[in-house]
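See below for the structure under consideration.
Readers should treat all values here as calculations from the given coordinates under stated rules, not as data from a laboratory. Remember, predicted model here, so these are calculated numbers, not experimental data. Neighbour counts run over all protein chains shown; Cβ positions are idealised from the backbone, glycine included.
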Amino acid sequence: MGSSPSLYLLGDVGSTFTKLCLVDAGAPAVLASAAAPTTVGTDVNAGFDAALGRLGPRAREAGRILVSSSAAGGLRIAAVGLVPELTMKAARIAALGAGGKVVGAFSFRLTAQDLAGLRELRPDMILLAGGTDGGDTEHIIHNAGALAAGLPGVPVVAAGNREAREELERIFAGRPEVRFAANVMPEVRRLDLDPARACIRELFLERIVAAKGLDRLRSRAEVVRPTPEAVLRAVALLSRGHGGSPGLGELLAVDVGGATTDVYSCAEGRPSSPAVVLRGLPEPFEKRTVEADIGMRHTIAHLLEQCDVEEVARAARATADEVRAWAGAVAGDPGHLPASEREHRIDAALAAAGCRLAVARHCGWLEECYTPEGRVYVQEGKDLGPVRCVVGSGGPLAAGGPRAGEVLAGARRAPGESRLLPSAPEFLIDRRYLLWAMGLLADHEPAAALELMKRHLEPC
Amino acid sequence: MSPSPAPPPTMILGVIGADCHAVGNKILELAFREAGFNVVNLGVMVAQEEFIAAAIETKAQAIVVSSLYGHGEMDCRGFRERCVEAGLGRILLYVGGNLVVGKADFAGVEAKFRAMGFDRVFGPGSGPEHGIAALREDLAARGAALGQ
Ligand code: B12
């Protein structure tokens, strides 16, 4: 392999399907894409080769092979902080932004019970925060000691009060799987997430990739980052633009999957009027959330519990029983695809409900406070009202064909809704499922990645 | 270890409750900072829990509360108890602003807030300088150095 330097073979390994995408960054053009069932159980190379075989001979000329990993079950991170609304929340936000799946979050002093719980969660990694710089050191030192003794060998990114660092280095001495990053919350209400994010990626590549059997790809490909982080990079590039080529401005992206739904935003989200007071942690411009209980196949039972089934049925012009029957059928058989017109409508209506729930949780909200002589508004989280562009990605959305617009309509703010969803967005659909690939390409060829996203995202 | 100057004491500042009077808060922030304190200003409309959360993370020595809109007594109830619950039993608690409502006299108001566990209560005409002088005095009594 490797005769054409402008030819990139981009791969995503670890989820149900191994996806490959061949891009000529010089043209630029997406030349081909293909998928095959992932084979982590035996050797990931088998699935990779199967997909490669479907791409055609040119794929073998690729000068560079970059792979993202949705590492079987995701990158499982446990967040440990001090106060739940402050450093614990900061650690959660950092872990999500790094492409992780937050399997548990702990605050204050870790107890024996917490440690037992942590062990049971089997995290791939622990993000340990606590204390602003110059603030509390006691808790993070205690928690570091507890983790060192209670979960030996589990990788840790320590990103808390810098004044505790010396002590933590002593506690974690001789532990190469422990990394130190700048504090995720150096001051109350100020986040600094990039250093922790970089450490998480580093550990992911060095340790987790091997643990999940993905290192077998190493002889042929560079495994560069977790898939959700690649998507976040793509979305950020699409939002900001590159060089002389403008981006699309503030935007929101939704990836409705079979098991989870990921939401990404690139937006300031500040209050729309000076009369609104912002409360709580300010959130990062590039924000990701993932809803582990909202998905179109494996987790559809949870989705059903949370949405108004009658309303879904009305939207699908079906009965509530038909909606429930469909959910039951696909939960047991994730490969089940809608066949009849009615099934398509039901699938789309459920996806719209899931999209709405996931986007609503991602967005901030507005609360009216009545003071004895007047009304005041308090905002928590990001106001995405002004966001003009919503991008839909992911299997069910792309497969939803002409119904993608109906699904994404769930991301639009309804009149009177307290959650601050986009109020008048336009919708784009990632029908060819390119976002993750463009996030990989963005490291080396940002101009081409931007151009290809602009070309292939279709209005709907 | 080489001797380093003691870091400035940290204090949490904010306007409590649903109170959105923002001007005095900015002035207090500047004045306390000028006087050498590490000021963590939470701004307006701050709930008791937010003061306490910030104090825990920053290991603050004092919480300085303002109330301007006349509902201070209601908003401040239970503040000390909450601090005790959070392990901040000994933190200095100050309150000032417009605490005297209607015809009440300051002595009575002060007694009420003291009974609620506030270490210092500032009446009409008290500006930032009074708060600063008091905080220096109280911290000195506790042996905390002011980094200047
Ligand atoms: C501007 C203003 C507003 C603006 C605020 C704009 C903003 N975002 O800041 C608006 C129009 C929104 C407003 C609304 C209301 N206001 Co108004 N407002 C005022 C006004 C005219 C000036 C406030 C000001 O900025 N002062 C200048 C700053 C520098 O002074 P300060 O705030 O008092 O702070 C200093 C001192 O108090 C002290 N201090 C404060 N805290 C502490 C703490 C410590 C420890 C120490 C040592 C010192 C200290 O130091 C500060 C700095 O020097 C005052 C009247 C006045 N002249 O004070 C009324 C006043 C505060 N408002 C009042 C009221 C009742 C209201 C409303 C409830 C309804 C109304 N009638 O308008 C609403 C409440 C809204 C809400 N949810 O908070 C009353 C409060 C009555 C009381 N407490 O007994 C006042 C006193 C007017 C009055 N005489 O009736 N208000």
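Taking 2.2 N^0.38 Å as the expected size of a compact globular protein, what ratio does the Cα radius of gyration of chain B give against it, to two decimals?
Numbers: Rg = 14.8 Å, N = 148, 2.2 N^0.38 = 14.7 Å.
The value comes to 1.00.
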Modelled label reach - A:A116, point 7 Å along Cα→Cβ, region A:72-101 residues with backbone N closer than 14 Å: none
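Would you please classify the overall shape of the protein assembly as shown from the alpha carbon gyration tensor, given that a ≥ b ≥ c denote the square roots of the eigenvalues, rounded means a/c under 1.5, and beyond that prolate means a/b larger than b/c while oblate covers the rest? Let's see the in-between values first.
Working: a/c = 2.27, a/b = 1.65, b/c = 1.38.
The shape class here is prolate.
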Region A:75-208 - Rg (one decimal) and Dmax (whole number), Cα, Å: 12.7, 34
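Length gain on complete extension for the stretch A:E458 to A:A301, per 0.36 nm per residue less the alpha carbon to alpha carbon distance?
Numbers: separation 157, 0.36 × 157 = 56.52 nm, distance 3.07 nm.
Difference between extended and current length: 53.4 nm.
Provide the percentage of antiparallel DSSP beta bridges, counting only those with both residues in region A:75-208; round to the nearest 5.
Details: 1 of 17 bridges.
Roughly 5 percent of the DSSP beta bridges within region A:75-208 come out antiparallel.
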Separation of the B:A140 and A:R270 label points, Cα + 7 Å toward Cβ, nm: 4.2 nm
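Counting only other chains, and only Cβ atoms inside 10 Å, what mean value do you get across the residues of B:45-53?
Working: counts 8, 2, 2, 0, 2, 7, 0, 1, 7.
Counting Cβ atoms of other protein chains within 10 Å of each residue's Cβ and averaging gives 3.
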Partners for B:K26 among lysines (Cα-Cα distance below 16 Å; same-chain residues under 8 apart left out): none
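With both partners inside the protein assembly as shown, how many of the DSSP beta bridges are antiparallel, as a percent to the nearest 5? Don't jump to the answer; show the numbers that get you there.
On the way: 39 of 97 bridges.
Roughly 40 percent of the DSSP beta bridges within the protein assembly as shown come out antiparallel.
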Cut-off under 5 Å, modelled amide H: who pairs with A:H242 long-range: A:G247
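May I ask which of A:K101/A:K287; A:K89/A:K454; B:K59/B:K112; A:K19/A:K101; A:K287/B:K59; A:K101/A:K382 have a Cα-Cα span longer than 25 Å here? Display every interim value, and only then the final one.
Values: A:K101/A:K287 14 Å; A:K89/A:K454 34 Å; B:K59/B:K112 27 Å; A:K19/A:K101 21 Å; A:K287/B:K59 29 Å; A:K101/A:K382 21 Å.
Table pairs above 25 Å Cα-Cα are A:K89/A:K454; B:K59/B:K112; A:K287/B:K59.
Say R0 is 25 Å: what FRET efficiency, to the nearest 0.05, do B:R82 and A:S418 get from their beta-carbon distance?
After rounding, the FRET efficiency stands at 0.35.
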Amide H contacts of A:C369 (H built 1.01 Å from N, under 5 Å, at least 5 apart or other chain): A:V376, A:Y377, A:V378
Between region A:8-39 and region B:20-89, the Cα center-to-center distance that results, in Å: 54 Å
In order through region A:194-204: 3J(HN,Hα) via Karplus (6.51 cos²θ - 1.76 cosθ + 1.60), integer Hz, x for Gly, Pro: 4, x, 5, 4, 5, 5, 4, 5, 4, 5, 4
